[in-house]
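Visitor: Following this message is one structure expressed as C-alpha cells.
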Amino acid sequence: MGGSSAVVATTGPRRSPLTTVAWILPGTIWLLLFLIAPLVMIILVSLWERTPVGFAAFSFSLDAYGRIFETSVFLDTLKNTIFRSLLVTALCILIGYPIAFYLARCVKTIKFQIALFIVVLAPFWVAYVVRIIAWLPVLGRQGVINYFLVEVLGVVDEPISALFYSTFAITLALVQLYVLFMVTPIFFQLATLDEAAIEAARDLGATPGKVFREVIFPLSLPGVLIGCIFVFVLVMGEFATVRIIGGGTIQSVGTLVNDYYTIPDLPAAAAAATMLVAVMTVGVAILLRFSKIREVV
C-alpha cells in the first residue's frame with residue numbers, strides 16, 4: 001500500500017487522452033496557422049518560377065536562389081546584417097544589464113521598482129515609426145547634435161551630414177528601439193534570484209565583486225540569453241529603421257526582400273526571406289548550444 005501511494009504521489013492523477021488533446025490543441029493550431037503555414041508558403045513561393053506579375057505556382061525550380069546569389073550583393077548584405085545584429089545585441093547587453101541590475105538589486109521597494117520600470121517602458125507607448133523618425137531632429141543636419149557642435153562648441157564649421165544617413169545612426173536607433181527587450185528578461189531573472197545562495201556566498205567571505213561574478217551573473221544568464229535571442233532575431237529582420245534612417249543608402253536583408261517584391265520578383269523575395277529565417281535559426285541554435293544554459297539552471 002505504501003509503495004502504491006508513493007507512485008501516485010510522484011506521478012499525479014491520470015489524465016484522459018481527450019483532456020490531453022484539449023490542452024495541446026489550441027497551441028498546436030496557433031503554431032500551425034501563424035508559424036508553420038506562413039513559413040511553408042514562403043518556401044514554396046521561393047521554389048516557384050517567376051512571371052511578369054508574380055510567380056507560376058506548381059512549377060518548381062531553384063532559379064530564385066540562383067538570382068539572389070548571382071552577384072555578391074545578397075551575401076554582402078547578409079554579412080552586414082549579421083554583424084549589425086551582433087553589434088546591437090552586444091550594446092544592448094552592455095546598456096541593458098546595468099539598468100536591469102539597478103532595478104532588480106539596488107531598488108528595494110516594489111513601488112519604486114515599478115515606477116522606474118514604467119519610465120524605462122515609456123518610449124514603447126509611442127508608435128514604432130514615430131520613434132524612428134524622432135531621431136531626425138537629433139541627428140539631422142539641423143538637429144540637436146549638429147547645433148551643439150557648430151553653434152555652441154564650435155568644433156566644426158559645417159553641420160555633419162553623415163550623422164543621420166549612416167551605419168552609426170542605424171545602430172544607435174536600433175539599440176534605443178530594442179534595449180528594453182534585453183532589460184525586461186534580465187530584470188525578471190535578477191528579481192527572482194535565490195537570496196539564500198547570495199547570502200551563503202557572503203557568509204563564506206566572498207567580496208561583492210566575487211558574489212556578482214560567481215553567483216549573481218551566472219544565475220542571471222537565462223535572462224541574458226532570452227534577451228539576446230529577442231534582440232538578435234528582431235534586428236536581423238529589421239526593415240523600417242534601416243530604410244528610414246539609412247535613407248536608402250544602407251541595405252539590410254529586409255530592405256532587399258522589399259526591393260525584390262517591388263520589381264516584382266516574388267520568388268526571389270521569398271528565397272531571400274527563407275535564407276534570412278535559416279540564418280536566424282542557426283544563430284539562435286548557436287546561442288542555445290554554447291550558452292550552456294541547462295548547466296546554469
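Quick note: the coordinates plus some simple rules give every number you see, no bench work behind them. Small disclaimer: the values here were computed from a predicted structure and weren't measured. FYI the Cβ positions are ideal-geometry reconstructions off the backbone, even for glycines, and counts take in every protein chain you see.
Visitor: Convex hull over the Cα atoms of region 37-93, averaged projected area in nm²?
Guide: 5.7
Visitor: Oh, and also: Taking Cα pairs under 8 Å and at least six residues apart, what relative contact order does the chain come out at, in percent?
Guide: Relative contact order for the chain comes out at 26 percent.
Visitor: By how many nm would the segment from L32 to V126 grow when fully extended, if each residue of separation counts as 0.36 nm and the alpha-carbon distance is taken off?
Guide: Full extension of this stretch gives 30.7 nm more.
Visitor: Taking a label point 7 Å from the Cα of I118 along the Cα→Cβ vector, which residues of region 83-106 have an amide N closer than 12 Å to it?
Guide: none
Visitor: How much mean residue ellipticity at 222 nm does the chain get from its helices, if each DSSP H run of length 4 or more adds -39500 (n - 2.57) and you divide by all residues, to the nearest 500 deg cm²/dmol?
Guide: -21000 deg cm²/dmol
Visitor: For log10 I(q)/I(0) by the Debye sum over Cα atoms at q = 0.07, 0.08, 0.16 Å⁻¹, the listed values are (i) -0.35, -0.45, -1.20; (ii) -0.27, -0.36, -1.44; (iii) -0.42, -0.54, -1.30; which was obtained by calculation from the structure presented?
Guide: Answer label, from the structure shown: (iii).
Visitor: Take V53 and K108, extend 7 Å from each Cα along the Cα→Cβ direction, and tell me the distance between the two endpoints in nm.
Guide: 7.2
Visitor: Report the residue, chosen from Y97, Y128, Y165, that carries the largest GNM mean-square fluctuation when the chain is represented by alpha-carbon nodes joined by springs under 10 Å.
Guide: Taking springs between Cα atoms under 10 Å, the residue moving most is Y128.
Visitor: Sticking with this one: Which of the peptides 78-90, 216-228 is most tightly packed, and how do the rest follow, going by the mean number of other Cβ atoms within 10 Å of each residue?
Guide: So the peptides 78-90, 216-228, ranked by packing, come out 216-228, 78-90.
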